Structures are given as C-alpha cells and as structure tokens.
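Asks: Sending over a structure as structure tokens; questions will come in a sec.
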Amino acid sequence: MAAEVHSQDHHHEETFLTKYIFSMDHKMIGKQFLITGIIMGLIGMGMSLLFRLQLAWPDKSFPILDTFLGKWSDDGVMDPNIYLALVTIHGTIMVFFVLTAGLSGTFSNLLIPLQIGARDMASGFINMLSYWFFFLSSVVMVASLFVPDGPAAAGWTIYPPLSALPQAMPGSGMGMTLWLVSMTLFIASSLLGALNYIVTVLNLRTKGMSMTRLPLTIWAFFVTAILGVLSFPVLFSAALLLLFDRSMGTSFYLSDIFVGGEVLGYSGGSPILYEHLFWFLGHPEVYIILLPALGITSEVIATNSRKPIFGYRAMVGSILMIAFLSFIVWGHHMFVTGMNPFLGTVFTFTTLLIAIPSAVKAFNYLTTLWKGNLQMTPAMLFSIGLVSTFITGGLTGIILGDSALDINVHDTYFVVAHFHIVMGLSAIFGMYAGIYHWFPKMFGRMMIRPLGYIHFVLTFVAAYGVFYPMHFLGLAGLPRRYYTNTSFPMFDNLADINVIISVFAILGGIAQVIFLFNFFYCALRGKRSPQNPWRSNTLEWTTPVKHIHGNWPGEIPEVHRWPYDYSKPGMDEDFVPQIVPIHDNEEASGH
Amino acid sequence: MTTLLTAVVVILAIVAIVQIVRIFEVSSTMSGEDEPQTGQPTKKENDLFGKIMLLMGAGLVIFSIWSFFSWGDYTLPKPASEHGIETDRLLWITFGVIGLVYLITQPLLFWFAYKYRGRKGQKATYIEHNNKLEAIWTIIPTIVLAVIILYGIFTWTSIMNPEYEEEPIVVELYAKQFGWTARLAGEDNILGEANVRFIEGANTLGIDENDFNGLDDIIVDELHLPVGKPVLLKMRSQDVIHSAYIPHFRVQMNCVPGTVTQFGFTPNITTAEMRQDSKVMRQIAHINELRDDMGEEPYEFDFVLLCNKICGSAHYNMQLKIVVETEEEYNQWLKEQKTFAETL
C-alpha cells in the first residue's frame, strides 16, 4: 500500500521489496502503519454510518444495506445480529487498529529516532516484525467479516459467556475465533513495537539530549510504550483463558449455564474474572490511545503558538501521574457487575484523582495559547479542537467515575458520548494534527491547506453534533447496543435526536473524504515542502527533505537546548532550533 | 421535518465549502504573501481562522446551553426510589460543578484562539512556567474533587449497605435470552435454592423442588411492589451476562451466570402517582402525539425493567413491567398469584 504512494522514485540501491514492503527503516514503517490505519479507519467509520442509518430510521429500507451486508440485510433492513457485529467490529477496529496501531505506531516510529537524534530504531528488524504482525492481524480481522456466521458480535469487550458460547449468538462461532487470533497477533505487534520504543528512547538519544530536553511527543510515546508493555500481556492471558474455555472445555469464566435447551458442564468459573483481566488492559488502553495524541498536541500547540509549552515539567509530571493512576482505576468499568461494593469506593477514589493531572494538562494548553502568536495551520486547529473535546469529555468522566452516579448511567448512551468525546475524538483530532503537521516530513510534500481547513471545520461541527446529544439520550435512560429503540414506547420521543445524530454522522463521513483526497493526492502530487515548514525547533526538521537511511547525511547533530525556545527575547528569529548552541549572553532556560 | 432538516444541513454544508474555497482562491491569487520557505499560514488566514474559531466556540457554548433547556425535558423524570433522590441530588451538584468549569474553560480556549491569532504585528511572549498559577490550578481541583469523592463514596456505601428498619421484601430477577421473570419469596420471605441444573419442564427457573423454602415462592411476569417498603432484588442469569436496569428507580446491577448479585431499594411513589407527575405527563403527551402520527396505540406510563448488558440478538427487547401500588392493592394482587408448589 505504501508502495503505491512512492512508486515513482526508484533510483536507490535497495530493491523495491526491501525499500517499500519489508522495510526496516523507521520512517517507511511509520508510513506503513499510517496507511494501514487509514484503511482500517475507513472500514470502521463505514460501519458506524451503516448502524447510524439503522438507529435513526429503523423502519425505513435502505438498498445500500443490501449492497454491503448481503444476506445480513433483508430488503434494506439490517438483521439484529449484524447490528451487534457492526458495533463490535467498529469498536475493535477504532480502539486497536486505528487509535493504537495507526496513531502510536505511526508517530512513535516516525518521530522517536528523528526527534531524539538516532539513525533508526534500536532494532530495525523487530520494528519490521511489529508492522507485519499488525498487518497480519488486520488481515485476519477483515477476513472475519466474511465467515458464514458473521464476525464477532459480543461487543468490543467480548464478555463471556456471550463470547464463549456459539449457542448464545452466531457471532461467537468462527468469527470470535478469528477475533481472538487477530488480537493475539495484534498484541505481539504492540509488544514488539513498544519494547523497541522504550529501548530506543533510553539508549539512543544524541549528545546533549537529556530526558528533560525531550520533546513532549517523545515523553508521551515513551510512557505509552511502557503502559503497553505492562498491560497488553494481561489481555493476552485473558484471551488465552477464553480460548481454553471455548475449545478445551475449561471453566475459567463459565459456571452454571443453561443455553440452547441444555445445561452445560461448566462449573466454578466467573465472568467477572474476565472483566478484571480485560479492564486491567482496557483502562490503560484508553491512555495508550490518548497520551500520544496529547504529546502531538503539546508539540503542535507550542510550535504554532510560537511560545514555549507552558509548564514543561508539570506536563511531564502529569503524563507520569496519569500513566501510574491508569493502572489502578480499571474497576470503574465494573461498579455494577456484582463486584464487592467496597472496591467501588476504592476505584471511585483513584478514578477521580485522574482529573487532577488532566486538569493540569488542560490549563497548561490554555496558558500556552495565552499571549501567543497563533499560526492557524490545520494541525493547530485540530489541536485546539482536541483541547476542547478533552475538556468536554473529561468533565463527564467525573460523573461516570463516581460509583453512586454510575449506577444509573452505566452502559447508557451517556457512556457512549463520554468515551467517544474524550478518547475517540481527542485521539482522532490528535492523529489528524500529527498527520497535517508531519506530512511534509513523511512525504516531502505539503498538503493543500484550504482543504485542511474545510476538513477541520466540518469534522469539528459533525463531531460535536454526533456525540453531544448522546448525553441526553443517556440521561433519558437509553441503553447502548440496542438494535432499535422502538420496543420501549418510553423512548419514542428520542427518535428526533437520533435523526440529528445520524445526519451529523453522515456529514462527518463526507468530511473525511476531503481528507482522503488531500492525503493521497498530496502524497503523490503535492507541492514540494521546504526543510522546516513550520519553523520548528525539534531535530526532525534538520534532516533532508528527501528521506535517507540513517536520517542525517553526516554526523548526528548535538543538542544544546530544550525544544521550546520559541520567541525567546534577544534572538533574531522567533525560533531557536535545538542544535543551536547557547550564546554567551543568553539567559539559560534551566533545561 | 426530518427530510427538511437533512436537506437544510446538506445545502448549508455545500454552500459553506464552495464559499471557503472561493475565499482561498481569491486571497491566494491577490496577495503574493506566501513565503516559499515556510508552510505557515498567511496573516490573512490566521485572522480569518481566529475569527472562525471564535464563531465555532460561541456556537458550541450556545448549543450546549440551548440543549439543556430544549432536551432537558427528555431526561428521566424524578426518581421513584428513596436512594434515587440522593443520587439525583449528587448528579445535579456534579453537573453544576462541571458545567461551571465547562463554561469557563471552553470560552477561554476559543477566545484565546481568536485574541492571539497571528495577525500582522502579533508577537508571542516568552513564558516558560508560573509556579504560583500552576499551584492554584492543581489545588483548587483537588479540593473540589475531594468533596465530590467523599460525597460520592458515602452515597454509594449507603446504597450498597442499606440499613433496614423492617425486613425487606426479597424478589429474584431472573434473566435469560431474551426475557425476564420475577420470583417473590412468598410467605416465609426466603427464596428457595435454585440452580440452572434443576431446570426441567415447567420448572423453568431451576428451583430446587426439594427445598421447602421454595414451595411458597411466587413466579410472575409482571412484578408488583408496595410503595414505601424496602425491596431486596436478587439477580440471577441463566445463560450470559444481563443487566437489570430500572431507570426510574435509579437501579442497575448485572446478572452474572454462576453468581447471585443484589441491589436493595425502596420505591417511594406509586405508578398512579408517577402518572400525575408534571414532567411525566409532558413526556407522555409528546410520545403519544408521535405515536398517533405513526398510527400506534397510545402509551401509558409504567415502570419497566430492561436489559443493559449486550446479551444477543434480542437484547433490545427484554422487558418486564413493574407496578408500584399501595399496600392493600399489593396484598390483593399477591393473593391472586399461584405459588410454585401450585404450579407443579
């Protein structure tokens, strides 16, 4: 896929295969992650549009559903099982394939060596394996859409017994097996990548690049990698035990079940064990998604405000604090599962503590903008959008994290609104900010700015239009994952809001087409980019526009200052790259 | 109405795109401002998008406030249980706090985007950090959160460990794909032992027929409860995880196969009284207007138990009607029900 993008220049000693397909160069691997992520994102978004049609107009017939769903759609009306499959695969693809691999995989690979001054990742080979495990995992996940009984449909959290018993729903047959295989490959990919990122950041920093001179992007990627290494293996064990229960008759998660007219032999297990294991990954996963987006935003906002990031040390501290807390809050997903109520009080306490470092981050973004000289690039607009969604979604987290309040909004559309805004939108806005900002570094070309502006305005309006009204659906008591709301007359008056949401969802879908055109057209035909288009301080902009293996043609540059010397008094320009030595009469910045 | 709304949105979007593209075409051909060595926006673009951000921010804040007035009426009516009054109070206090933070930070964000847009002559000020400011915005959220955390924890604890002045009525909610059944504990107020392994023939809930306590249990498809009496719900599932969710009571607890979970509450208002509540009446009138347009039967308010954990294809349609009534009505209803022993 990446190959198509670059197939016009061929004059390297590397063969086509080693340069574009089995590349060990971190820049190419980053692009491979990005393009695979974009394709998966298209599938995930397409699915959401299909089920939004169903939710807004459950009684109408859409021929387009017959086209996409085949036997799962009858005269343009979708089947309830495929509805559940669509929400399941939408969630899986968006959380893991787009916002974990597509976001962290892309930018960690592209930026870690470039921004710390390394020739490549610590192990190029492991890095290549990481991509190819991800690629295989994507292939298996997409293939699972085509099995006779349909893909996994037990929700992206695949709680057993529903996910363990093919008798309980068609999606728990072959589709679920493939889901588990795909996730196993994904976890392998994620671990290989994360180990590489950690080792590279710790060992391969250039001379002068102390930890307190790292750009905040690198801090975010580094901490994200640590989170991944510590939490993904737990998901692996959860999946493994589920596999045993499914195919070898063990009872880790199953007990006393009567389904399909007979009692099953399982005894002594508990699905709550699975929930604990799943959310022990599941909650850090939220920050595996969010932290890279916040790191990107820190960099983009500082560069385009032409101002140092406000409170660098507080920003690093809050990343570390969030990462630590993310490991001791998983139980807030389980307040009403029947877990010991005392644990509810503990998890309420730890969960609400996360609001403190999050508030610090939000305020620091605000004060970075304050008294700046804001360069309104599309990347900057998306970053400001991220701060807005991070605040909106973060605030409703204070309600959901409070066990007493969670009782009544748990698993309603209030939750759907909350996590789509704070995690989905923030992360996708951060990803777009990163793409617009580092596109010149990736492809040596510029994207078309006006199209970027239109993309942002439409996406921002559509995003709030889709997810803000969902809060009210949740407060009206509407449960999520309902194929239709027409079975309960008490929800009849919510039909109008569902129509509004779907209209905005379609608008948002159209807006992404503009982005796709801009991305692929400019990757091939865009205007050539200057070396340092945003007049930025970080090291990646000192490498040649045309990619070379090893990044710098000569010596690796030495670093003399932190990356945020923007608009420093007494300097000629409003930026001072990290490679510029401290002048004799310059005031030291403490970094 | 819907078609019209859709059409308006689509037309406005197209007009907006065309206009923006034209603005750019005109501005980029007229001003040769774009320096080739940078990709930074022109001063004009900065100016324009500072203003657009302000506009979008204002739109967001106005939309947020408007939605509360306009859609607030769709939210659940007053709680019909004693603890629900507590949780709703906590909910609205929390909404007050986060609403305030929202209404300070969002306008500030978009105002800064506008105020400091990179116009001609705009200069950034070099500010690294400010310990005093940072201390303030760490300490204030900490104090506010401490209050919310304590309030929340005490509320939660009192809900989960209710103190009973009188013995609660024990009711089992039994979930399966795809429906609910309720089992009252009968005269002895003790539920008979049950396990899915005992399911056979008419004994669909798997009650142990040898357990004496189970013989007077009463199995019903429509649950009646007396007002003002504490109820202890015991949840059981036959196959996969379900969640017993009764939004009007502010009650929710998962039904987990292999485990019995529980939730205690006290209904404090009868179905008949709830039907007279002004918000309920407004909602029902609106719903019936819509149902009339679709040619459907009018709807009367009832408490309802629904499933709130994905459980399979008919997850969206698991319901059990709950009627809260006076003690006399309840006793009357109870007398008409058959015990488990009588159904065997």
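Asks: List the accessible area buried at the contact between B and A, summed over both sides and calculated with a 1.4 Å probe, in Å² to the nearest 100.
Replies: 11300 Å²
Asks: Convert each backbone phi in the stretch B:241-247 into a coupling constant with the Karplus relation 6.51 cos²θ - 1.76 cosθ + 1.60 (shift: θ = phi - 60°), then list the ³J(HN,Hα) values in order as whole Hz, x for Gly and Pro.
Replies: Result, ordered by residue: 6, 10, 9, 7, 10, 10, x Hz.
Asks: Okay, moving on. What aspartates and glutamates could a cross-link reach from B:K279, if we take a straight Cα to Cα line under 17 Å and drop same-chain neighbours fewer than 8 places away?
Replies: A:D492, B:D73, B:D88, B:E289, B:E300, B:D302
Asks: Taking amide H atoms as placed 1.01 Å from N in the peptide plane, list the residues 5 or more away in sequence, or in a different chain, whose amide H sits under 5 Å from that of B:T261.
Replies: The answer is B:M235, B:V256.
Asks: With bins 20 Å wide starting at 0, give me the P(r) of chain B over every alpha carbon pair, in whole percents.
Replies: Going from the shortest bin to the longest, the percentages are 21, 39, 26, 12, 2.
Asks: Can you work out the FRET efficiency for the pair A:I126 and A:T67, with r the C-beta to C-beta distance and R0 = 45 Å, to the nearest 0.05?
Replies: E(calc), rounded to 0.05, equals 0.60.
Asks: Next question. How big is the C-alpha Rg of the stretch A:1-146 next to the rule-of-thumb value 2.2 N^0.38 Å, as a ratio?
Replies: 1.30
Asks: Apply the Karplus curve 6.51 cos²θ - 1.76 cosθ + 1.60, θ = phi - 60°, to the phi angles in the stretch A:382-392 and return the couplings in whole Hz, x for Gly and Pro.
Replies: Once θ is set to phi - 60°, the couplings for the stretch A:382-392 become 5, 5, 5, x, 4, 4, 5, 6, 4, 5, 4 Hz.
Asks: Using a probe of 1.4 angstrom, how much of the accessible area of the stretch B:169-343 is carbon and sulfur, in percent?
Replies: Details: 3200 of 6940 Å².
That fraction is 46 percent.
Asks: A:W57 label point, 7 Å along Cα→Cβ, cut-off 12 Å on backbone N: hits in the stretch A:462-499?
Replies: Under 12 Å, as judged by backbone N against the label point of A:W57, lie A:499 of the stretch A:462-499.
Asks: With each pseudo-label sitting 7 Å past Cα toward Cβ, what's the A:L343-A:F146 distance in nm, one decimal?
Replies: About 4.2 nm, to one decimal.
Asks: Determine the calculated [θ] at 222 nm for the protein assembly as shown from helices alone, applying -39500 (n - 2.57) to every DSSP H run no shorter than 4 residues and normalising by the residue count; nearest 500 deg cm²/dmol.
Replies: Roughly -18000 deg cm²/dmol at 222 nm, from the helical runs in the protein assembly as shown.
Asks: Take B:T339 and B:D293, extend 7 Å from each Cα along the Cα→Cβ direction, and tell me the distance between the two endpoints in nm.
Replies: 5.3 nm
Asks: Counting only heavy atoms of protein chains, what accessible area per residue, in Å², does the protein assembly as shown have with a probe of 1.4 Å?
Replies: 36 Å²
Asks: In addition: May I ask you to evaluate 6.51 cos²θ - 1.76 cosθ + 1.60, the Karplus curve with θ = phi - 60°, for each residue of the stretch B:332-344 and list the ³J(HN,Hα) values in order in whole Hz, giving x for glycine and proline?
Replies: Per residue, the Karplus-derived 3J(HN,Hα) values read 4, 4, 4, 5, 6, 8, 8, 7, 4, 4, 5, 7, 6 Hz.
Asks: Take every DSSP beta bridge with both residues inside the stretch B:169-343 and express the antiparallel ones as a percent of the total, to the nearest 5.
Replies: Taking every DSSP beta bridge within the stretch B:169-343, about 70 percent pair in antiparallel fashion.
Asks: Then there's this: If you average the C-alpha positions of the stretch A:59-92 and of the stretch B:227-266 separately, how far apart do those two centres end up, in angstrom?
Replies: 32 Å
Asks: Taking Cα pairs under 8 Å and at least six residues apart, what relative contact order does the stretch B:169-343 come out at, in percent?
Replies: Reported as a whole number, the value is 26 percent.
Asks: Which of B:I140, B:I148, B:I218 moves the most in a Gaussian network model of chain B with Cα springs under 10 Å?
Replies: Comparing B:I140, B:I148, B:I218 in the GNM, the peak value goes to B:I140.
Asks: Where does each of A:540-548, A:120-128, A:385-393 land if you order them by average Cβ count within 10 Å, highest first?
Replies: Order by mean packing, descending: A:385-393, A:120-128, A:540-548.
Asks: Test of understanding: what is the full-extension gain from B:E300 to B:F212, defined as 0.36 nm times their sequence separation minus their Cα-Cα distance?
Replies: Going from the current span to full extension adds 27.7 nm.
Asks: Can I ask one more? Explain nothing, just the number: relative contact order of chain A, from Cα pairs under 8 Å at least 6 residues apart, as a whole percent.
Replies: Taking the mean separation of contacting Cα pairs over the length of chain A, I get 15 percent.
Asks: Now for a separate question. Run the quick spin-label model on A:I39 and B:Q262: label points 7 Å from Cα toward the beta carbon, then report their separation in nm to one decimal.
Replies: Distance between label points: 5.5 nm.
Asks: List the residues whose amide H sits under 5 Å from the amide H of B:V170, counting only those 5 or more places along or on another chain, with H placed 1.01 Å from N in the peptide plane.
Replies: B:A185, B:L232
Asks: Here is a follow-up. Do me a favour and compute the ellipsoid semi-axes for the stretch B:136-192 from its Cα gyration tensor, root of five times each eigenvalue, largest one first, whole Å.
Replies: On the way: eigenvalues 334, 62, 5 Å².
For the stretch B:136-192, the semi-axes come out at 41, 18, 5 Å.
Asks: A follow-up question, please. Find the relative contact order for chain B and round it to a whole percent, using C-alpha pairs within less than 8 Å whose residues are 6+ positions apart.
Replies: 17 percent
Asks: Related question: Show me, bin by bin at 10 Å from 0, the whole-percent P(r) of the stretch B:169-343 based on Cα pairs.
Replies: Reading upward from the zero bin: 10, 35, 35, 16, 4, 0.
Asks: Let me ask you something else. Whose amide H sits under 5 Å from the amide H of B:G39, counting only residues 5 or more places off or on another chain, with H placed in the peptide plane?
Replies: Here A:W534, A:R535 satisfy the definition.
Asks: Could you identify which residue out of B:A146, B:A314, B:A124 has the top mean-square fluctuation in a GNM of chain B using Cα springs shorter than 10 Å?
Replies: Result for chain B, Cα springs under 10 Å: B:A124 fluctuates most.
Asks: Separate question: Output the pairs from A:K527/B:K115; A:K207/A:K568; A:K527/B:K123; A:K546/B:K120; A:K371/A:K527 with a Cα-Cα distance over 27 Å in this structure; if there are none, say none. Don't skip to the answer; put the middle values down first.
Replies: Values: A:K527/B:K115 31 Å; A:K207/A:K568 23 Å; A:K527/B:K123 29 Å; A:K546/B:K120 33 Å; A:K371/A:K527 32 Å.
In this structure, A:K527/B:K115; A:K527/B:K123; A:K546/B:K120; A:K371/A:K527 lie more than 27 Å apart at Cα.
Asks: Positive end of the charge dipole of the stretch B:169-343 (Lys, Arg +1 and Asp, Glu -1 on Cβ, about the Cα centre): tell me which of B:I199, B:V251, B:N268 has its Cα farthest that way.
Replies: B:V251
Asks: Moving on to the next point. Carbon and sulfur atoms: what percent of the 1.4 Å accessible area of chain A do they account for?
Replies: Accessible surface attributable to carbon and sulfur in chain A totals 68 percent.
Asks: Quick check: the angle from helix A:26-56's long axis to the longest principal axis of chain A, C-alpha only, nearest 10 degrees?
Replies: 40 degrees
Asks: Now a separate question. Under 19 Å from a point placed 7 Å out from the Cα of A:D74 along the Cα-to-Cβ direction: which residues of the stretch B:295-330 have their backbone N that close?
Replies: Only B:312-318 pass the distance filter.
Asks: For the protein assembly as shown, what is Rg from Cα atoms divided by 2.2 N^0.38 Å, rounded to two decimals?
Replies: 0.97
Asks: Order B:M294, A:M447, A:M176, most accessible first, counting only protein heavy atoms with a 1.4 angstrom probe.
Replies: Values: B:M294 105, A:M447 30, A:M176 0 Å².
Descending accessible area places them as B:M294, A:M447, A:M176.
The values are calculated or read from the model by the stated rules, or taken from the named source; none is laboratory data. It should be emphasised that the depicted structure is a prediction, and the values quoted were computed from it without experimental measurement. As a convention, Cβ positions derive from the backbone with ideal geometry for all residues, glycine included, and neighbour counts pool all protein chains shown. All accessible areas refer to the heavy atoms of the entire protein, side chains included, with ligands and DNA or RNA removed. Shrake-Rupley method; radii C 1.70, N 1.55, O 1.52, S 1.80 Å.
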